[in-house]
Structure formats: structure tokens, C-alpha cells
Amino acid sequence: MEKIANSKQKEKKKNSLSIGMLLLKVRTFVVLAILLIVFSFVAPNFTNKESIILIIKHVALYGLLGVGMTLVIITGGIDLSVGSIVGLSAMISGGLIYEGLALPMFGVKIYFNVPIIIILTLISGVIIGLINGIVITKFKVTPFITTLGMLYIARGLALLRSNGATFPDLTGKAELGNTGFQFLGQGTILGIPVAIWIFAIISLIAAFLLKKTPLGWHIYATGGNENAAKLSGILTDRVKLFVYAFSGLCAAFVGLIAASQLTAAQPATGESWELSAIAASVLGGTSMMGGVGTIGGAVIGALIIGVINDGMVMSGVSEFWQQVIRGSVIIIAVIVDQVQRNMEAKMALEQKNA
């Protein structure tokens, strides 16, 4: 009888843990649904078509940074430089359109067309990401310190590019062949803003890489247990170089889109956006300890941030309270993530003892 009672108690405990785990795993969808319901009552125009497209357009910027950040965090790293890379990328593209590329030794100034400017800007983002990766892997400097240093370097370069001034009017000139830049941030394809298309395509590529290719498994293995990954033959340094370069690429895309939306490039663009990228990733279930996370989760996390930001603005919540609420949501997300890890460990122990 005692054995039967113990067995029933274990089964009950197991069922309770399973229900709790299920709720924790779908928590991001539940939070997003609750936020949408609440703000649709508080701000009647919140759920109309124009508002939803505008929210997703805003989300595309944080979301792109969040996608790159998710890959970095899964490897156990962090990239604090993405906000500054956004600003530098905006200034590089803005400068190339507004004043061209001067070659003093030849006494000429070259004006590139927009596709080449986009490619050059994206390459610059990849190079900065690679520099982060090289310092981290070859010189064994921690990701936090490396990318914190790059945060200041990139922001300083953005300010130096124009002595702190803004590059205005990036519409270009027909005689120079550099018009059409604003299409990236203001144009639409099939009624959907180009920024959203870019966000969707980059997210799908990253999700495919992470789930369907050996590189994805190497990224998870590197973050899960780097020493074990090395022993199993995974080139963890190359994996890290890739994720930091990808993060730089995403940041460069955001810089291009931001400058295009404003038709102007400001060196302060992207200031503190790295925090929103980290928040999107963490809210989406990516573990700061590495080895765990998904691109889908990061997209949902970015949507939560976007809904909170735009919802509070449309509801008339003061900027001061907005900061308090954003910070609270991030802390709660990390606590819930830790609770999930503890429950997973407990369930694994229960199964082992069963």
C-alpha cells in the first residue's frame, strides 16, 4: 500500500511539473496575447491595420538586432556594440550619399549608386563584427569587455565621420546616380514596408541556419559546453567569428534602414539599442548562460517590446513610467527563465529516479 501511495504521489508531482513546464514554454505567446488585449481596450486605435503595420515596422529594427544578438548569446557571448554599429553604418551610408568618397591623391570624388553604398555599408558591419570575434577568440578577451570597447570605438568613429554633424537630405541627385536610398526605409512591396521584408528574410535565414544546418548545431554546442565542443572537433573560434560577423551585418542593416527612414544620418542613431536587442533575445527565451534560444523566440520577444513601447505611447503613459515598466519586464523575464531551468533540472532528476 505504501508503495502504491508513493507511486501516486510521484505521478501527481510529475504531472504538476509537466503542466508548469508547458505554461512556461508558451509564456511569450501568452504575454504577447495579454498585452494585445489590454492595449486594444486602453487605446482603441491600437489594433487597426495601420497601427499594427507601424508597430511591426518599429519592431523590425529591434528585431533585426535581436536576431543577431540571439546567435551571439547562444554561443555564451554578448554584443554590446550593435547600437554603435547602427550609428556608424548610418553615417557611412549617409556620408557616401551626401558627400561621396574623396580620393585626395587623385584629386577626385566618387559618388556610388545606392546598391553599392548598401553593399559597402554591410561589409563595414561585417568587418566590425569580425574584429570583435578576432579579439575574443585570438586574444581571449571576454565578449563583454571587447564589445564594450567597440561600443565606444564605433560611436567615436560615427561622430568623427562628420564632426558630430548630421548628414541631411539623403535623397541623392539624379546627375550623380545616387537616388532611391529612401526606398529602403520608406518604400513598400505588396503593401508591406521594405523594412519588414528585410526583417522577415533575415529571421528566416537565421532560423534555417540554426535549426537545419551543422553550423546551427555547432552554435548550440559552443554555448552549451565549449570544451566538450572542442573535444568533439567543432571549430568553436570559427563559430564565434561567424556569429559576431552576423551580428555586425544585422546592425549594419538597421543603420541603413534607420538612415533611410529619416532621409538623414545622425551619429547618435542606435544609442542604447543594444539593450533592446538583448531584451528581445531574453524575452524570447534565450538563456544568458548560452546553449539555449531560438530565432522565433527572439522575434516574439521583439514583438513584445514593440507592443509595450507603442502601446504605452498610444495610451499616454509617461516616459518615466515606460522605462520602469520596460526594466521590470526584462527582470521578470530573466527570473521566469531561471525558474524554467530549475524545473527542467528537477524533471530530469525525477525521470532519473523513476
Here are some residues: Ser84, Ser89, Ser93, Ser124. Which one is part of a helix (DSSP H, G or I), in contact (Cβ under 8 Å) with a residue 40 or more places away in the chain, within 26 Å of Ser203 (Cβ to Cβ) and open to solvent by 10 Å² or more (accessible area, probe 1.4 Å)?
Ser124
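For region 142-193: of the residues being charged (D, E, K, R) and under 15 Å from Ala259 (Cα atoms), which is farthest from the chain's Cα centre (by Cα)?
Filtering region 142-193 for residues that are charged (D, E, K, R) and under 15 Å from Ala259 (Cα atoms), the one farthest from the chain's Cα centre (by Cα) comes out as Asp169.
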Subset of region 46-87 that is of a type in the set (Gly, Ala, Ser) and touching a Phe, Trp or Tyr at 6+ places or on another chain (Cβ under 6 Å) - its residue that is farthest from Ile295 (Cα to Cα):
Gly83
With Leu170, Leu159 as the choices, which residue is out of contact with any Phe, Trp or Tyr (no Cβ under 9 Å at 6 or more places or on another chain) and surrounded by 15 or more Cβ atoms within 10 Å (Cβ to Cβ)?
Leu159
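Per-residue answers, yes or no, for (1) open to solvent by less than 40 Å² (accessible area, probe 1.4 Å); (2) free of Cβ contacts under 8 Å to residues at least 24 places away in the same chain:
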{"site": "Ser203", "(1), (2)": "yes, no"}
{"site": "Ser232", "(1), (2)": "no, yes"}
{"site": "Phe242", "(1), (2)": "no, no"}
{"site": "Ser247", "(1), (2)": "yes, no"}
{"site": "Ala252", "(1), (2)": "yes, no"}
{"site": "Ala258", "(1), (2)": "yes, no"}
{"site": "Thr263", "(1), (2)": "yes, no"}
{"site": "Gln266", "(1), (2)": "no, no"}
Any chance Thr213 is open to solvent by 50 Å² or more (accessible area, probe 1.4 Å), among the polar types (S, T, N, Q) and free of Cβ contacts under 8 Å to residues at least 40 places away in the same chain
no
Does Phe183 meet the test of being aromatic (Phe, Trp, Tyr) and surrounded by 13 or more Cβ atoms within 10 Å (Cβ to Cβ)?
yes
In region 303-318, how many are at pLDDT 85 or above and loosely packed, with under 15 Cβ neighbours inside 10 Å?
0
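So which residues in region 38-62 are of a type in the set (A, V, I, L, M, F, W, C) and more than 18 Å from the chain's Cα centre (by Cα)?
Val38, Phe39, Phe41, Val42, Ala43, Phe46, Ile52, Ile53, Leu54
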Ile295 fails exactly one of the following numbered conditions: (1) modelled with pLDDT under 85; (2) surrounded by 14 or more Cβ atoms within 10 Å (Cβ to Cβ); (3) out of contact with any Phe, Trp or Tyr (no Cβ under 8 Å at 6 or more places or on another chain). What is the number of that condition?
(1)
Pick from region 96-121, criterion free of Cβ contacts under 8 Å to residues at least 12 places away in the same chain and assigned to a helix (DSSP H, G or I), ranking: farthest from Gly156 (Cα to Cα)
Pro115
Number of positions in region 222-252 that are aromatic (Phe, Trp, Tyr) and at pLDDT below 95:
0
Suppose we filter Ile153, Ile136 for residues that are open to solvent by 40 Å² or more (accessible area, probe 1.4 Å) and under 22 Å from Leu65 (Cβ atoms); which single one remains?
Ile153
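The values are calculated or read from the model by the stated rules, or taken from the named source; none is laboratory data. Everything quoted here is computed from the prediction, not taken from an experiment. Cβ: placed from backbone, ideal geometry, glycine included. Neighbour counts: every protein chain shown. Surface areas here come from the heavy atoms of the whole protein model, side chains and all, with no ligands, DNA or RNA. Shrake-Rupley method; radii C 1.70, N 1.55, O 1.52, S 1.80 Å.
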